Amino acid sequence: MNNADRPLDAATRPPQEMRAVERIAAILRSFSMAQPMLSLTEVARAANLDKNTTRRLLLALAAEGLVRRDESERSWGLDIGVMKLQPAVLGPRTLRETAAPYLQWLTERSGMTSFFWIADPDGAICIDRVRAGGEFRDVFWSTPGTVLPMNVASGPRVVLAHLDDTARAAWLARPQPRFTGATQTDPAELLRAAARIRAQGHELGVNDYYGGMAGMAVPVTDRSGGFIGAISVTSSAAEFAAEDRQQELLAVLREAAVAIGVRLGPNPGVPLHPAG
């Protein structure tokens, strides 16, 4: 019997090897900066697996140095073996290497932490960050590799504004999470905001993801005008209160964005991932 003759559920069922990969990926994705350590029960629930399967896979991943168990807390977390994989990630390497000195310059000029965001199927992903010196409240989106929904924070909102119409509509069809009272969740409001962001060429977000924090972002385009991603700076909301300070930050953001775009050249081959 070939696939065409089988019932639909059997024909579309992934091979056993694919199922194993999906389970391992689900386990690894269950950990986050917000929840770096999880109990066996919590990992099983997040990965949608039974506890016996979860335990067996966690032990196998631990043997490879990808996860570790905290015996005193009876919990699990990612281990240093995951970090060893990062240098081999191909996708944003050129962007990160090109943008790195300009993000450093941006942080030095602004006195704020700077970020580089690009589109991801799950939202906007931070591919690099240069943290400001001095006091800074570290929040969940402040490390490379973190993905944020595109209805919050200045960088992700700039990414949403520059998706193509089909991808933007697909994202806006999803439920939009709310983090604070200032979070926009209405699709019509977000669509209007996207048009405004494209028209003014930047976004200022205040208290919409994390209370007391604000950020400003601008798009990065290549020499042919193609959208690549967004760079942003973030600090306390009070730092953005004065209009002259906003204009100062906008000027250095745009200078950094132009410099990155010129270095990338025309058509650097960074895809805008569909949001659906």
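Please compute the length gained on full extension between ARG254 and ARG56, using 0.36 nm multiplied by the number of residues separating them and subtracting their Cα-Cα distance.
Separation in residues times 0.36 nm, less the Cα-Cα distance, equals 66.2 nm.
Could you tell me which residue out of THR185, GLY225, ALA199 lies farthest along the dipole of region 149-276 toward its positive end? Charges go on the beta carbon: Lys and Arg +1, Asp and Glu -1, centred on the Cα centre.
Highest projection toward the positive end goes to GLY225.
Convert each backbone phi in region 187-202 into a coupling constant with the Karplus relation 6.51 cos²θ - 1.76 cosθ + 1.60 (shift: θ = phi - 60°), then list the ³J(HN,Hα) values in order as whole Hz, x for Gly and Pro.
x, 5, 5, 5, 5, 5, 5, 4, 5, 5, 4, 5, 5, 8, x, 6
What are the ³J(HN,Hα) couplings of region 210-218, residue after residue, when phi is run through the Karplus curve with 6.51, -1.76, 1.60 and θ = phi - 60°? Round to Hz, x for glycine and proline.
In residue order, the calculated couplings are 9, x, x, 10, 9, x, 10, 9, 9 Hz.
Amide H to amide H under 5 Å from VAL220: which residues, 5+ apart in sequence or cross-chain, H placed 1.01 Å off N in plane?
Amide H to amide H, under 5 Å and 5 or more residues apart or across chains, VAL220 pairs with ILE228, GLY229, ALA230, ILE231.
Solvent-accessible area of TYR209, probe 1.4 Å, all protein chains present, reported in Å² to the nearest ten, please.
Surface open to solvent at TYR209 totals about 30 Å².
For ALA238 and GLN200, calculate 0.36 nm times their separation in residues minus their Cα-Cα distance, and state this gained length in nm to one decimal.
On the way: separation 38, 0.36 × 38 = 13.68 nm, distance 2.23 nm.
Length gained, ALA238 through GLN200: 11.5 nm.
Given the Cα-Cα distance of THR94 and ASN48 and 0.36 nm per residue of separation, how much length would full extension add, in nm?
Full extension of this stretch gives 13.0 nm more.
So for the pair LEU85, VAL21, with labels modelled 7 Å out along Cα→Cβ, what separation do we get in nm?
In this crude label model, LEU85 to VAL21 measures out at 1.2 nm.
For SER75, list long-range residues whose amide hydrogen, built 1.01 Å from N in the peptide plane, is under 5 Å from its own amide hydrogen.
When sequence neighbours closer than 5 places are left aside, the close amide H contacts are ASP70.
The values are calculated or read from the model by the stated rules, or taken from the named source; none is laboratory data. The structure displayed is predicted, hence computed values, not measured ones. Virtual Cβ from ideal backbone geometry, glycine too; neighbours counted across all protein chains shown. To get the accessible areas, we keep the full protein, side chains included, count just its heavy atoms, and leave off ligands, DNA and RNA. Shrake-Rupley method; radii C 1.70, N 1.55, O 1.52, S 1.80 Å.
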